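The values are calculated or read from the model by the stated rules, or taken from the named source; none is laboratory data. What you see is a predicted model, and the numbers here were worked out from it, not measured in a lab. Cβ placement follows ideal geometry from the backbone for every residue including glycine, while neighbour counts extend to all protein chains displayed.
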Amino acid sequence: MTRSYETDLSDEQWALVRPLVEATRGAKATVDRRRIVNAILYVARTGCQWRLLPLDFPNWSTVYSCYHRWAWNGTLDQVHAALRTQVRSAHGKLAPPTAAIVDSQSVKSTAKGGSPAYSSAAMTAPSG
């Protein structure tokens, strides 16, 4: 029996994601793809190391290899877009974001080193 986590996909979310992560050709996967997606979401939310995944998830190396392959081939981008669209629609917003926020910050890098008494302006003799 597997434990459920707050990061697990709901049935409705899984219905959106399932066609993106399940193989449409070749051999049937031996590990449940929903459990793999839930494990990836757990790592993303908690920040735990792959090797420290709770034991009720699939083996960490299986989860990581799927994550790496899906990140490389764009599957994770498609999963993110599908879930974003669902969440935005549920909140009565247009599916694609219509605004962006750009934030910039100016930071003073370092103060001028040395005492002002020893600056080159202080060392020059008065003209006159």
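Within region 79-93, residues that are within 15 Å of ASP11 (Cα to Cα) reach partners that are assigned to a helix (DSSP H, G or I) and not basic (Lys, Arg) with beta carbons closer than 6 Å, at six or more positions or on different chains, in the pairs VAL79/VAL17; VAL79/LEU20; ALA82/LEU16; GLN86/LEU16.
Going through (1) surrounded by 10 or more Cβ atoms within 10 Å (Cβ to Cβ); (2) at pLDDT 95 or above one by one, LEU83 falls short only on (2).
Answer with yes or no whether LEU94 is over 21 Å from GLU6 (Cα atoms) and surrounded by fewer than 17 Cβ atoms within 10 Å (Cβ to Cβ). So LEU94 passes the test.
Restricting attention to region 1-55, which residues are within 14 Å of ALA82 (Cβ to Cβ) and among the charged types (D, E, K, R)? Give the steps one after another, and end with the answer.
Initially, region 1-55 is screened for residues within 14 Å of ALA82 (Cβ to Cβ), giving 9-10, 12-22, 37, 41.
Listed by number, the residues that qualify are GLU12, ARG18, GLU22.
Tell me, which residue of region 19-33 that is under 17 Å from ASP77 (Cα atoms) and touching a helix residue (DSSP H, G or I) at 6+ places or on another chain (Cβ under 7 Å) is surrounded by the most Cβ atoms within 10 Å (Cβ to Cβ)? For region 19-33, the residue satisfying everything is VAL21. Per the listing ILE36, ILE40, the residue uniquely in contact with a Cys (Cβ under 7 Å, 6 or more places away or on another chain) and surrounded by 11 or more Cβ atoms within 10 Å (Cβ to Cβ) is ILE36. Once region 50-65 is narrowed to residues that are in contact (Cβ under 8 Å) with a residue 12 or more places away in the chain and more than 20 Å from SER4 (Cβ to Cβ), the residue that is surrounded by the most Cβ atoms within 10 Å (Cβ to Cβ) is TYR64.
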